[in-house]
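Take a look at the structure below.
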């Protein structure tokens, strides 16, 4: 039999090592037992004091959330105390007694009170269970003395968010609410805990890290009844930073009041900096209902409303720009050298293309038109001709120069990019290239093209400031609680449009004449003494331009969107305005007067009203 | 000459079944289930599923223990390298597809069950290291090449585990390997050089900790040095767990009566801090019984190592024992505030299927070595 090295039956080669290792293990365990002895029996009593009756409580001191202010320091979002009555299910001794004494001051019938308390039995035994939230001040005063008498009831105060202007800034500022479980997973590491308030939408969400501040804590000593005896150690909470918007609340209010239609959006910007002066999206909602926990009914009605009041249309509303894009198409054709300013086309009121008829809004036709007239009178056939010659890809190139088809970079991250169709895009999504019939519709801002109001505002601003596409911004400054400025906004030029001076001047003259000329489509925006330039748009929702029905016969959701873009560029303070009215009819008719009122207010002029002629 | 892998018949094996070790493991696991029940009662009805799951895993663990102890451990010597490779692949895939829980990727989701390969990696390393050590010249390792050959088996999985990040398991793995190498024996020359290197690497460690550790790991270290540093976050665990242990006293507050536990002052108490629940509710008496049970398990295991039929069995046993030992030492020290909080479960007691099953696999390997110590080569 072969002797293997590993064959060592009855051999004690490792015996000494086993003994050494066993001794080490014994010493180790002995050390642990000694530490245990020390903790439990020698220091035990002091730890016992800490634990028994839970004399030491660690209180979290939630940081006051930073405020959001307008440019004049008016609070747009502030904190107010909210009171909650809770019970500790594990501490309830006499249920009938509890029901009897609390049902009246809470305004609950006894049966309801009982069923609420019984519901708490299935929740964690020693965790406070909320009975009623957001108590009124009268309720608080009666409940305060009551709650001191019983051990199982506690009255807690926590700050909630209040928005003094109600729905005025709802889409810009957004709302706050209790942190959800998916957000907890995301933020758990940075100190968020269940029940914390967190920004859900708008500025409240985007600037959460600035607004939140830093949590503090306090170790307090309490007696058996849960009353506070003394504070042991304390680290105060650091309040969040304040955020100053570039907007003026009274101007925003004025703009909101001017917008009297059902749904749509208005964006007013300073073209030189990209500063948002007003941003209205209608319909809105009252963000205050989210701060206190929102009721099922309110949530359902907000969520199922077909007009979708929760959506910020200024950044998420996708509208065909209609004729408001014609200046871009004209600029494309001029820059590409396809036309000269005096190139003329004949508009017989329609254009036939492969058996399909594309109509001009003026069914009688404009006759012989040059570029200036085509822009001023918004002749569609002229632009159909340009669309045929330019093709979708070239038009898309020029649209992207004006920042269309991409988010503008506003601070609100939910912003949608819109859509500027290209052959590549069409091929990928539909398997075919863009046809001539589609090229002509793209030229007048119809078909696949979709833009958001804020994109149109930045496009208009670029026309007003000499070709700079600015990054729009809402937040002017962030200030720490002690008042020092942590962040100061500075204008950012996203794109510079290289242009021929004469071409540019022609387009601007045309936009001036849209307002000034007797045949201009934007005449209702005219303010004597102020040089307003503009472009109207009436964008179609359904793709027929067959017969013009009387407006009232068309169902609401099939009516055209009224679009209007306007700017003033010869004043020391420039301004650009975009008005979009969903299913509002014609842009020149309904949207232009709104823009006029807004511009008048901006320059402190009286509204001259509609021109008489 | 052949080796019989099936042992010498069921009857003989049954009589040689490792009863002390097995009953010890079962007693610890049952205590664990009672503690998990107590720890999860405050969670309301949702807590029950923890107890049910742990009981199911205990059942699976027992089946593993019986099955494995009747198999010859030398199967592991032959197939160990494949187990090791599979675990290594699993570890790498965890860092690619793993499921993120509390910020780390440690689990592979099989739908029905989540599987934590790092728990089983410790066993795989023990198996391959035992084989590699048993193939070396008996006595002491005195060439660097040889040492690096052994070390490579540990360092590769330890690296992937540390990047999950699961620093606790990576540390345990390294300590287990170190224990096995020391048991096999290192030459004096190597010992001296290693000690010197260790001292020289202290500054490197310091800067490594400064730049490589994740924020929460740094926070834990800082908090250990000063528990009041962040009493709501990492320091909260140390403070509350010490209060729980300390307030237990000699006899404890009684089953389901621990205020720290029932009032939910204790964090992750059914997993890493289960010992705190034990100390609070069962006092010094209960805690020392559990520690004694662990001591019996470890001493018995070392005894098995000493009487093993071959070197592979010896090193396998030492590895399995040191897995249990280092977990106990680190976990209990952590609960009592002796070392910083590192996420290491307490074998047999902590809630968690992967941890419980791998603990039973350790017991099974020891039982298999034990029941074969008298069998002869045929």
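Structure above, values below:
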| item | result |
| --- | --- |
| Condition met for residue B:357 (within 12 Å of chain A (Cβ to nearest Cβ), surrounded by fewer than 24 Cβ atoms within 10 Å (Cβ to Cβ), in a helix (DSSP H, G or I) and touching a helix residue (DSSP H, G or I) at 6+ places or on another chain (Cβ under 6 Å)) | no |
| Residue within segment B:119-131 that is modelled with pLDDT of 80 or more, under 28 Å from residue B:38 (Cα atoms) and more than 14 Å from chain A (Cβ to nearest Cβ) present | yes |
| Segment A:1-25, subset modelled with pLDDT of 90 or more and within 7 Å of chain B (Cβ to nearest Cβ), residue surrounded by the fewest Cβ atoms within 10 Å (Cβ to Cβ) | A:22 |
| Residue count for segment A:80-114, restricted to those that are more than 14 Å from chain B (Cβ to nearest Cβ) and assigned to a helix (DSSP H, G or I) | 17 |
| Matching residues, segment A:410-425, being free of Cβ contacts under 8 Å to residues at least 60 places away in the same chain, farther than 20 Å from residue A:275 by Cα and part of a loop (DSSP other than H, G, I, E, B) | A:420, A:421, A:422 |
| Scope segment B:132-152; condition assigned to a helix (DSSP H, G or I) and either touching a helix residue (DSSP H, G or I) at 6+ places or on another chain (Cβ under 6 Å) or modelled with pLDDT under 80 (or both); matching residues | B:132, B:133, B:134, B:150 |
| Residues of segment B:28-49 classified as in contact with a helix residue (DSSP H, G or I) (Cβ under 7 Å, 6 or more places away or on another chain) and either more than 11 Å from residue B:348 (Cα to Cα) or modelled with pLDDT under 90 (or both), total | 9 |
| All positions within segment B:153-187 that are without any contact (Cβ under 8 Å) to a residue 40 or more places away in the chain and closer than 20 Å to residue A:18 by Cα | B:178, B:182 |
| Where residue B:306 falls short, out of the listed (1) in contact with a helix residue (DSSP H, G or I) (Cβ under 6 Å, 6 or more places away or on another chain); (2) in contact (Cβ under 8 Å) with a residue 12 or more places away in the chain | (2) |
| Test: residue in segment A:289-312 that is in contact with a helix residue (DSSP H, G or I) (Cβ under 9 Å, 6 or more places away or on another chain), surrounded by 24 or more Cβ atoms within 10 Å (Cβ to Cβ) and within 28 Å of residue A:447 (Cβ to Cβ) | yes |
| Segment B:268-285, subset without any contact (Cβ under 8 Å) to a residue 40 or more places away in the chain and facing chain A (nearest Cβ under 10 Å), residue surrounded by the fewest Cβ atoms within 10 Å (Cβ to Cβ) | B:285 |
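For every residue, the table says whether it meets (1) within 14 Å of chain A (Cβ to nearest Cβ); (2) surrounded by fewer than 16 Cβ atoms within 10 Å (Cβ to Cβ); (3) at pLDDT 85 or above.
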{"site": "B:2", "(1), (2), (3)": "yes, yes, no"}
{"site": "B:6", "(1), (2), (3)": "no, yes, no"}
{"site": "B:22", "(1), (2), (3)": "no, no, yes"}
{"site": "B:51", "(1), (2), (3)": "no, no, yes"}
{"site": "B:75", "(1), (2), (3)": "no, yes, yes"}
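Here is a yes/no grid of residues against (1) surrounded by fewer than 22 Cβ atoms within 10 Å (Cβ to Cβ); (2) without any contact (Cβ under 8 Å) to a residue 60 or more places away in the chain; (3) closer than 16 Å to residue B:130 by Cβ; (4) more than 7 Å from chain A (Cβ to nearest Cβ):
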{"site": "B:287", "(1), (2), (3), (4)": "no, yes, no, no"}
{"site": "B:296", "(1), (2), (3), (4)": "yes, no, no, yes"}
{"site": "B:299", "(1), (2), (3), (4)": "yes, yes, no, no"}
{"site": "B:315", "(1), (2), (3), (4)": "no, no, yes, yes"}
{"site": "B:324", "(1), (2), (3), (4)": "no, yes, yes, yes"}
{"site": "B:327", "(1), (2), (3), (4)": "no, no, no, yes"}
{"site": "B:336", "(1), (2), (3), (4)": "no, no, no, no"}
{"site": "B:343", "(1), (2), (3), (4)": "yes, no, no, yes"}
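The values are calculated or read from the model by the stated rules, or taken from the named source; none is laboratory data. In this text, all values refer to a predicted model and were calculated from it rather than measured experimentally. Heads up, the Cβs are rebuilt from the backbone with ideal geometry, glycines too, and the neighbour counts pull from every protein chain shown.
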